[in-house]
Structures are given as C-alpha cells and as structure tokens.
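Structure first, then comments.
Rule-based calculations on the coordinates, nothing more; no lab input. Just so we're clear, the structure is a prediction, and the values are computed from it rather than from any experiment. All Cβ positions, even for glycine, are placed from backbone atoms using ideal geometry, and neighbour counts span all protein chains on display.
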Amino acid sequence: MPGFELFGELERKEVNDVLDNGVLMRYGFDGMRKGHWKSKELEQELQNTFQSKYVQLVSSGTAAVTVALASAGVGAGDEVIMPTFTFVASFEAIMMLGAIPILVDIDDTLGLSPEAVEKAITPKTKAVMVVQMCGSMANMDALQAICNKHNLLLVEDACQAIGGNYKGKPLGSIGDLGCFSFDFVKTITCGEGGAVITNNKTYYTNADHYSDHGHDHVGNDRGAETHPFLGYNFRISELHAAVGLAQAKRLPEFLEIQKRNFNIIKEALADIPEVIFRTVPEGGEESCAFLNFFLPDLETATKVSQAFSEKGVDACWNYYNNSWHYIRKWDHLEDLKSLHPISTEVKKGLEYLQTESFEKSDHYIARNISCLIKLSWTEQEVKERAGKMVEVINSVLQTN
Ligand SMILES: *Cc1c(COP(=O)(O)O)cnc(C)c1O
C-alpha cells in the first residue's frame, strides 16, 4: 500500500514548484504563485480518479470524515452507525461533532454487517458510516438499500481502499460522501492530507467553507469574505498537495504493482485448504492493498502471525489484540477518558459499550490475518515471501 516506497522525480518537481514561488497557502496570493495551484490541480485529478463531481481536499483522513459528516449536517445527539473493526479515527470524528458512535458487528467481508446495521437503527440515527477496511468492501448494495429505506446518509471511509471498485464504481464514490486519507502509510501519500468526495453540490460547498473557517471563497479580497456559517481549519497546504499530486498521477502504476504482488501471494496460499480468504461481495474488486484470510481459530492465527515475524515475513497482523483497529482494546472509549467534559447525551449514548459483547466481530477478527502488500518488492522477492508463508502456515497447522 504505501506510496512513500516509490518517491521519485515527479514528487520532487511538484514540491520544488511550490518552494520556488513560496506560496504554501492553497487559497489567494494569485499574483505570487506563478500559476501553481497544486491543491486545485489535485482536486481535479481526483475527480477523474474517483469519478466524482466534487472533491474537497483537507488536512487528514480524520478531518475528511469530520468534514464529510458536518457538511451533511450531522451533529449533537445524532447517532452514527460504524463498524467495530476500523481505525480509531472513525469514532473520533463522530465525537468531535458531539454525535454518538454506535458500533456494530462486522461480517465475513470484514466490513459492516447489514443485519447488524438494521438492528441498530433508532429514531436518532442520522448516518451509516461504512469503512472499507484493508483494500476491500462491505456489502454495499445491502447497506445502500437499508439507508434508502430508512432515509439515512451513507458515508464511505475509503482511506484504506484507494483503487478498489464495486460494480464499476470506485470505492468512496458509492455513498453520499466518500472520505480518503493520504497520510504517511496510505496508497497515495502526501505526509498528512485527505479528501472528501461527493456528487452533491450543497455538501461540497459546505465542505469547502467548513474546512476553511466558514469563509465563503467569493471574490478576490479574502479579508472581505463573509461567513455563511461557523467553520474550522481543516485545510491542506500546497506542499502536501504537491506531493499528493505527483502520487495521484502515479496511482495506476502503484495499483498494477500492488495487484501483481497480491496475486502471487494469494495463489500460493490458495493451495492450503485451511486458509479461507475474506469474502469480497459480488461485483467487487479489491484494491489489493492488503491480503486478508481466515485460519481455523484464534490460537492458529496467533501462532501463524508470531511465526511469520520470527521467519522475517513482516507486516502481517492478527488484529484481535490490536489497539489501533479493533474495539477490544479501546478502553479509552469504553471508559470515556476525555480531557474535557463530554455531554450527558453522548455519555448516555455510549452506555451500551459496557454490556455489548460483539461476538460476531470476535469470530472473524480472531481468525483473521491481514498482510500489507508493499510496492517496493520485486517479483522474485514476492515469490520467495509467498513460499515462506506457505511453509510457516503448514508447519503451524501440523503441530496443532
Ligand atoms: C488512515 C485512516 C484514517 C485516518 O486518516 P488520517 O489521515 O491518518 O487522519 C481513517 N480511517 C481509516 C480506515 C484509515 O485507515
């Protein structure tokens, strides 16, 4: 997945354009910038990449989720349904807006279970936030149908799935709003950055203003702009956008390498009957940023991931005890350890975390191994790695 592995001449050229004119701000300074508008150019590039009418760059993927929800009016007391397997950013963004994250089970896609979503809907539910984890996707048709039936917003966090598709549509472009991250480890990276995509003009205009202090961006005199509503600073800088622009232009090259490496390993593991690959919904095409598979039980998965690291097969994880991505280690959320007061409504809204057990999610995450697919591996290296992985898995299975 990480685009930083292949930094080259193009990234340097784009950054130097910005340093040469000294304008690091994405808006204004028209006279000084010698025609360089890296953020605007990147937004146009991403409109094509993600087949979306509007793209608003922001300062991170977490900012993208926050701005996406805010631009559609999600706020205090609203419930947002999200999966138990994601990144901590998902509930952070929801809580930043005073809304209540409602965590529900995943299924064998490693994404939101449609049945679990339907069960969690209450009169307070405003949005469903699907997270396309590890390069693949949840069952989008079923989730879309639920959202249509209950008149809910569908927000897609596609931070880990840049380049994946569902029924011909890029992941991120299926819901009402899509969110991307270009942080240091993502497929397209610019250090810190993100994007909100949508086909809805009102949401886009809201995102544009909200991410820049509520400024309306009308006219040439920045100090005279009005504020239709309150906003904050979630802007990207021109330096970050310059790196992102180079990386976005190289995305097809990255995805081709990723796919090649993914397929070599997948084909090798397919010979082991105990290895079951994650379910990809019909019509779905993974981005190949990660290869995910299930082993018979937690014990086997734990042994395999340990043996992988001992044998030098790096970047493969079992997320059951992972503190970044899975609910079991989110004590700070469960115990509401906040530096500042949290509203009574949100506190009450999160009480379910004390009793809910999420056994279905445990069932899938306990048995799962998730392997990062790197871009810098040569074909020979991937083949050797695949051979080693098969050896390790077979030897663990034999000792069981
Ligand atoms: C990386 C990531 C984010 C947050 O992105 P940042 O740019 O690091 O803030 C959100 N959701 C998922 C699924 C991610 O992987």
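Quick look at the numbers
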item: More than 30 angstrom apart: percent of Cα pairs within the chain; result: 42
item: Convex hull volume per residue for region 68-177, taking Cα atoms only, in Å³; result: 85
item: Net charge, residue 367 excluded, C-beta distance under 11 Å - Lys, Arg +1, Asp, Glu -1; result: -4
item: Order of 232, 319 - criterion: other Cβ atoms within 10 Å of each residue's Cβ, fewest first; result: 232, 319
item: C-alpha center-to-center spacing [region 135-177, region 382-397] in angstrom; result: 34
item: Exposure proxy order (Cβ contacts within 10 Å, fewest to most) of 343, 287; result: 343, 287
item: Percent of Cα-Cα distances greater than 13 Å, calculated over region 198-264; result: 74
item: Gyration tensor (Cα) of region 147-234, equivalent ellipsoid semi-axes in angstrom; result: 27, 19, 10
item: Ordering of 189-198, 66-75 by burial proxy (mean other Cβ atoms within 10 Å per residue, highest first); result: 189-198, 66-75
item: Neighbour-count ranking [beta-carbon atoms within 10 angstrom, fewest first] of 204, 352; result: 352, 204
item: Sum of side-chain charges, residue 350 neighbourhood, beta-carbon under 11 Å (Lys, Arg +1; Asp, Glu -1); result: -4
item: Rounded D (µm²/s) - region 1-64, Kirkwood Rh over Cα pairs, Stokes-Einstein at 10 °C, 1.306 mPa s; result: 117
item: Neighbourhood charge, 13 Å Cβ-Cβ cut-off, centred on residue 254 and excluding it, Lys, Arg +1 and Asp, Glu -1; result: +2
item: More than 24 angstrom apart: percent of Cα pairs within region 253-399; result: 43
item: Highest-fluctuation residue, 374, 34, 266 considered, GNM on the chain with Cα pairs under 10 Å; result: 34
